[in-house]
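Working notes, structure below.
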Amino acid sequence: MNTHFKKIVITGATGGIGSAIAEALDQQGCDLLLTGRNEVKLDHLLNSLNGENHVKIVADLNTQKGIETLRDAAEKLGVNGLVNCLGINKLATLQGTEEEDISTLIATNLAAPVRVCKALLPILECKPKAVIVNVGSILGSIGYAGSSVYCATKFGLRGFTESLRRELSDTAVSVVYLAPRATDTALNTDAVNQMNRELGNAIDKPRSVAEQLVSALESGKSVNRYLGWPESFFVRLNSLLPAVVDKALLRQLPTIRRYCGMNQTKPVDV
Ligand SMILES: NC(=O)c1ccc[n+]([C@@H]2O[C@H](COP(=O)([O-])OP(=O)(O)OC[C@H]3O[C@@H](n4cnc5c(N)ncnc54)[C@H](OP(=O)(O)O)[C@@H]3O)[C@@H](O)[C@H]2O)c1
């Protein structure tokens with residue numbers, strides 16, 4: 001791997017994709033600052049890794065205190081890489097989405113990674129070469145029924161990442177956007193997994209997402225990487241001919257609505 005990026009912060013490290021990324025970067029000999037809210041999972045992850053210089057930080061990144069704790073630890077370790085991998089999701093129609101979920105989705109998937117980038121940028125900019133990776137989603141480029149708020153956050157993260165890349169294009173900080181398709185992690189409820197199977201949507205293993213991240217880091221360049229076929233093709237098609245994608249997705253709508261109903265915790269007035 002690109003030998004520059006050897007001290008890397010991973011947010012969402014306790015998650016399915018985050019822990020696979022931690023394992024892959026551990027194998028590359030990186031020193032990692034692993035963060036999440038669940039200390040038991042962080043300890044379990046630390047114990048499973050080979051490197052001896054990894055550090056854990058328990059932090060809720062929806063709080064200012066959490067961001068500051070992470071920034072202080074990142075400064076101490078002298079990090080030159082950031083992988084923003086925290087995130088949440090909830091399959092629901094807009095009417096079936098509770099007010100609280102709207103705020104938490106936007107805070108966790110958009111505001112938190114933006115704030116982490118802002119807090120860590122002064123540390124990264126001091127390094128001869130540094131990298132920021134924001135983990136978005138294929139649903140950051142294709143609006144999908146039953147995921148409107150999640151899509152809003154991931155479209156936002158993609159726009160933020162593109163702007164930041166251009167803002168930093170005359171610096172030594174490269175900016176990567178990694179967009180997985182459905183991946184086998186706890187982010188997806190049983191209903192979501194069942195829906196994906198019924199719709200014929202492929203489900204990747206977290207390890208394959210981590211391999212793509214390592215390969216993106218290897219180039220050392222600012223890149224967008226959309227994972228999976230035909231999803232990466234649909235990203236392009238959606239930007240050129242959205243009406244074609246509208247039509248294709250209309251066929252999925254009854255199935256998506258059915259699973260949204262199954263996924264709801266509270267009944268919705270009709
Ligand atoms: N799985 C998929 O199908 C899929 C597809 C495309 C994109 N993605 C994206 O990939 C990323 C990782 O997802 P995943 O599948 O690995 O999900 P996951 O297994 O549910 O992990 C989510 C991670 O986010 C952390 N997190 C959530 N809220 C947080 C908060 N307030 N403060 C700090 N950390 C917080 C969790 O930490 P704790 O548990 O310790 O609180 C956990 O480490 C997300 O951005 C997701 O949107 C996932």
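The values are calculated or read from the model by the stated rules, or taken from the named source; none is laboratory data. Predicted model only: the values in this text are computed from it and were never measured. Don't worry about glycine lacking a Cβ; one is built from the backbone with ideal geometry, like all the others, and counts go over all protein chains shown. Just so you know, the surface numbers come from the protein's heavy atoms only, side chains and all, with ligands and any DNA or RNA stripped out. Shrake-Rupley method; radii C 1.70, N 1.55, O 1.52, S 1.80 Å.
Averaged over residues, the count of other Cβ atoms within 10 Å places the peptides 154-165, 4-15, 118-129 in the sequence 4-15, 154-165, 118-129, highest first. Once each part is reduced to its C-alpha centroid, what is the distance from the stretch 1-36 to the stretch 39-109 in angstrom? Cα centres, the stretch 1-36 to the stretch 39-109: 13 Å. Calculated FRET efficiency, Asp246 to Asp72, Cβ-Cβ distance, R0 = 35 Å: about 0.15 to the nearest 0.05.
When each of the peptides 109-117, 191-199 is scored by the mean number of other C-beta atoms lying within 10 Å of its residues, the order from highest to lowest reads 109-117, 191-199.
Panel note: the C-alpha atoms of the stretch 1-106, placed on their principal axes, show extents of 48, 27, 25 Å (largest first). Solvent-accessible area of the stretch 7-263 (1.4 angstrom probe, protein heavy atoms only): carbon and sulfur portion equals 52 percent. With each label modelled as a point 7 angstrom along the Cα→C-beta vector, the Glu98-Lys221 pair spans 4.6 nm. Here, P(r) means the percent of Cα pairs in each 10 Å bin from 0 to the largest distance; for the chain it is 7, 30, 36, 20, 7, 0. For Leu33, the residues whose modelled amide H falls within less than 5 Å of its own, excluding neighbours fewer than 5 places apart on the same chain, are Ile8, Val9, Ile10, Val55. Approximating the spin labels as points 7 Å out from Cα along Cα→Cβ, the Val40-to-Trp229 distance works out to 4.3 nm. Which cross-chain or sequence-distant (5 or more) residues have an amide H under 5 Å from the amide H of Val133, H modelled 1.01 Å from N in plane? Under 5 Å from the amide H of Val133: Leu82, Val83, Asn84, Val176. Here the calculated FRET efficiency for Lys205 and Leu253, from their Cβ-Cβ distance with R0 = 35 Å, stands at 0.80, rounded to the nearest 0.05. Heavy-atom accessible surface of the chain, averaged per residue, reaches 49 Å², computed with a 1.4 Å probe.
Phi angles across the stretch 162-178 convert, under the Karplus curve 6.51 cos²θ - 1.76 cosθ + 1.60 with θ = phi - 60°, into 3J(HN,Hα) values of 5, 5, 5, 4, 5, 5, 9, 5, 9, 10, 8, 9, 8, 10, 10, 10, 10 Hz, Gly and Pro given as x. Annotation: lysines with alpha-carbon distance below 29 angstrom to Lys221 (same-chain offsets under eight excluded): Lys6, Lys7, Lys56, Lys76, Lys118, Lys127, Lys129, Lys154, Lys205.
Spherically averaged projected area of the convex hull of Cα atoms, the stretch 97-255: 10.2 nm².
For the stretch 163-234, the percent of C-alpha pairs falling in each 10 Å distance bin, counted from 0 to the bin holding the largest distance, reads 18, 39, 27, 13, 2. Here the label points at Thr189 and Asp60, each 7 Å from Cα along the C-beta direction, are separated by 2.2 nm in the simple model.
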